[in-house]
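Data block below; observations after.
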Amino acid sequence: MSKIPLQFRHNGRDVAIFVDGGTNLLVALRELIGDMTPKFGCGQGGCGTCSVLIDGELHLSCLTLAETVAGRSIETLDGMKQGPNLHPLQRAFADHFAAQCGYCTPGMLMAAKALLDRNPSPSRDEVIEAISGNICRCTGYEPIINAILAAASGRVSA
Amino acid sequence: MLELRKDIFADERDDNLKEIGKGTQRQDMLGHVTGTSNYFNDHKLQGMLHLKVVRSTQAHARIRRIDTTEAERSAGVRRIIRGTDVPVNLNTLLSLINFGKDDEPSLAVDKVRYKGEPILAIVADSEREAFEAIAKVKVDYEPLPAVFDVEDALKPGAPVVNETYPKNAFIYHDVYDHQRLRFGDADAALASADHVLEQRYQMSPIEHAPTETNGAIAAPDTNGRYVVYTSTQALFFSVDTCAKILDVPSNTFHFIGGTVGGGFGGKVDTLTEPLAILGAMLTGRPVRYVFGREEEMQYGPPRGAERIYIKDGVMRDGRIVARKIRAYFDSGAYTRLSSYAAVKCAAHLPGPYTIPNVYGDVYCVFTNRTPATAMRGFGVTAMDFAIECQMDKLANLVGMDPMEFRILNAYRDGDMKAHRREAKNTALIECVQVAAEKAKWPIRDEFRRASSRKDGGGSRAAIPPTPTESRARPAAPAQQRTSYDRAPVTATREPPREPPPPPTTPPPPPPRPSAPSHGATRFSSVFGTRRR
Ligand code: FES
Ligand code: FES
């Protein structure tokens, strides 16, 4: 099978890989780049745990053909920390007990970041809408919603 | 009085407990929010191969022939694993504590017993190539009549699902085809009750739907051992199960787990590790076997379905005088943990109430459905649902407030439970009182003043005369062996016996039944015998 050369930005760094035709972005990130933060939950667009930002927009990496991101900028949870410090969303998730098993957390955080990047002070309904494509089987969502609202209003510990 | 056994682990106790009322951060939280928590699938190993299984398309069928000629030639295929390649291709999970007979193959050999049962495993260079090879496998089935309903499965002439249990019911202690509880004379009490209410309750199977699917990665280590990264919820259980199935000492494995992407009971069955390790043994390469979402939802084990019949006798003043229960736990095609679920179900009767006449029969039934497994209070959840629905209906029947009705019938300290153990540390009355208060639900003064510590015991501590059933006690048959066993084992099981008495000064024994009802002493220990 012929390989396709592919270049894009990954959390602010230029990367270049060869992918098989048909490879999805989730597999490319995890297995070729080695960024294990996007998770496989279904491979069918049903759970959102593979969520990443493509040019700032929220996408499901399991349903994105890797070749379509050539030249674009991908953000994952791996790039969220600000140097040694947690991003306010990460801090808020920790403070509000917004992760139990943690498996949905990477996708939730990306969905939350996509929201706050374009709407820094969302309403509760807007938060619920923003994470509606992400399944969490553990927390019951309430702590996650509270964490995102807290991060938006700057109510996070240092 | 609340009893705290502080003598246990006394040297490890820190009684300076000041945790209640303040938050304590989880130790794994930082890993979760930074995405650095290591789940089993986050390990990328050099030269890793991918394992996928061919699953039965039939709910019940004999396998006539498996043709792999084309699949073997398929691109990227490294190894095809058949049931005959599995060293000990028959297991039951609780055999580790010597409970139940081996009844489930890792890969089906002569028969499939549920839709989705694994038949072959294919190890290939990539997942895609494994899937392509799977599409080329031809399995010739001879369909057999299937049974999907617990009560149909117990009827004479029903298709035999699992030959290890030809009556389609799990056999306890080699003798009993169900769990039974007898306390007092339920039939006589029903005959003289003011009202009798009989209802049927059902619960469907429930999928755990963890966000992370079941899976494992096994890799040969240079020291002759195998490193296994796994999603298991029960690491040591999985180690021993793999050791048994692969017929090697358990120190052959170095299991790494603990970070589980949601389990809820659906990751205790050691579903993927044995084949992943066998794949690694046969190819000498790291092998990954992870369920797809469809496999997880359709063939991963659910919480078992239950059907429950409750017949209660209640007096006009609200006292429940008899409760008769017949319950069926749907184990699916194999035992896994359902035998234990049925024990828990029976142990939970008649709910947290003091009822002088209780009669219970609980069956663990085999059907051609996906094998069931653990899930949050399995065995008890459906029974509680049924009992509490019934309580509301009974309250309605006698025209009582449902909260007051529960307080009236609640067990209290000193009461005799149907299992012939004294009720201790009871708190249902207080729970109902608090719930009523929080819900601003008015209850009358006498019920607000009721207490679990008052008015229990006395005549409520008595064990009522219990009619013995004239049923010849069947003798235990020799343990069945099936064609799957490689070498017949001659050792027979020890007869069940009482657990050993506690070593130190025992507390005063609870009042004992003058004549134990049928089988009561045997059921005092869940598992009967210990592994020798
Ligand atoms: S893995 Fe992409 S949506 Fe579930
Ligand atoms: S924390 Fe487990 S799925 Fe969300």
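The values are calculated or read from the model by the stated rules, or taken from the named source; none is laboratory data. Small disclaimer: the values here were computed from a predicted structure and weren't measured. Every residue, glycine among them, receives a Cβ derived from its backbone with ideal geometry; neighbour counts consider all protein chains shown.
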When restricted to A:THR49, A:THR37, A:THR76, the only residue at the interface with another protein chain (Cβ under 8 Å from one of its Cβ atoms), in contact with a Ser or Thr (Cβ under 6 Å, 6 or more places away or on another chain) and closer than 14 Å to A:ARG9 by Cα is A:THR76
Pair list, Cβ under 7 Å, 6 or more apart: region B:64-89 residue not assigned by TED's automatic domain parsing to the domain that holds B:MET281, other residue aromatic (Phe, Trp, Tyr) and crowded, with 19+ Cβ neighbours inside 10 Å:
none
Name the single residue that is farthest from ligand 2 (Cβ to nearest atom) among those in region B:27-48 being of a type in the set (Ser, Thr, Tyr) and assigned to a loop (DSSP other than H, G, I, E, B).
B:THR36
Of the residues in region B:63-91, those that are among the hydrophobic types (A, V, I, L, M, F, W, C), in a loop (DSSP other than H, G, I, E, B) and crowded, with 18+ Cβ neighbours inside 10 Å come to B:VAL86, B:VAL88, B:LEU90
Of all residues in region B:153-170, how many are without any contact (Cβ under 8 Å) to a residue 40 or more places away in the chain and out of contact with any helix residue (DSSP H, G or I) (no Cβ under 7 Å at 6 or more places or on another chain)?
6
Of the residues A:ALA111, A:ALA147, A:ALA130, A:ALA151, only one is facing chain B (nearest Cβ under 10 Å) and hydrophobic (A, V, I, L, M, F, W, C); which?
A:ALA147
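Conditions (1) closer than 16 Å to B:VAL358 by Cα; (2) in contact with a Pro (Cβ under 9 Å, 6 or more places away or on another chain), marked per residue:
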| residue | (1), (2) |
| --- | --- |
| B:ASN162 | no, no |
| B:ILE171 | no, yes |
| B:GLN179 | yes, no |
| B:ALA191 | yes, no |
| B:SER204 | no, yes |
| B:ALA209 | no, no |
Conditions (1) at the interface with another protein chain (Cβ under 8 Å from one of its Cβ atoms); (2) of a type in the set (A, V, I, L, M); (3) within 22 Å of B:GLY262 (Cβ to Cβ) -> A:LEU86 fails only (3)
Can you spot a residue in region B:323-337 that is within 14 Å of the chain's Cα centre (by Cα), surrounded by fewer than 24 Cβ atoms within 10 Å (Cβ to Cβ) and among the basic types (Lys, Arg)?
no
Please give the strands (runs of 3 or more DSSP E) falling wholly within region B:273-391 in which 1 or more residues are in contact with a Pro (Cβ under 6 Å, 6 or more places away or on another chain).
B:320-332, B:358-366
Residue count for region A:55-105, restricted to those that are more than 29 Å from A:LYS3 (Cα to Cα) and within 16 Å of ligand 1 (Cβ to nearest atom):
5
Sort out which residues of region B:16-58 are farther than 30 Å from A:PRO84 by Cβ and more than 14 Å from chain A (Cβ to nearest Cβ), and write them in order of number.
B:ASN16, B:LEU17, B:LYS18, B:ILE20, B:GLY21, B:LEU51, B:VAL53, B:VAL54, B:ARG55, B:SER56, B:THR57, B:GLN58
Could you count how many residues in region B:252-278 are on the phi < 0 side of the Ramachandran plot and away from every other protein chain (no Cβ under 14 Å)?
15
So the helices (runs of 4 or more DSSP H) completely within region A:64-158 holding 2 or more residues that are within 13 Å of ligand 2 (Cβ to nearest atom) and outside the structural domain of A:VAL19 (by TED's automatic domain parsing) are A:88-95, A:105-118, A:142-152
Looking for something part of a helix (DSSP H, G or I), at pLDDT 95 or above and away from ligand 2 (no atom under 16 Å from the Cβ) - is there at least one such residue anywhere in region A:33-45?
yes
Residue pairs meeting the criteria (Cβ under 7 Å; at least 6 apart or on separate chains; first assigned by TED's automatic domain parsing to the domain that holds B:SER106 and within 15 Å of B:GLU104 (Cβ to Cβ), in region B:241-252; second at pLDDT below 95 and part of a helix (DSSP H, G or I)):
B:THR241/B:LEU96
So B:ASN214 passes all but one of these: (1) within 16 Å of ligand 1 (Cβ to nearest atom); (2) modelled with pLDDT under 95. Which condition number does it fail?
(2)
Please specify each residue of region A:80-106 satisfying the condition of being surrounded by fewer than 19 Cβ atoms within 10 Å (Cβ to Cβ) and within 23 Å of A:ILE135 (Cβ to Cβ).
A:PHE97
Filtering strands (runs of 3 or more DSSP E) wholly in region B:146-258 for at least 1 residues that are in contact with a strand residue (DSSP E or B) (Cβ under 9 Å, 6 or more places away or on another chain) and within 30 Å of A:PHE40 (Cβ to Cβ) gives B:215-220, B:226-230, B:253-256
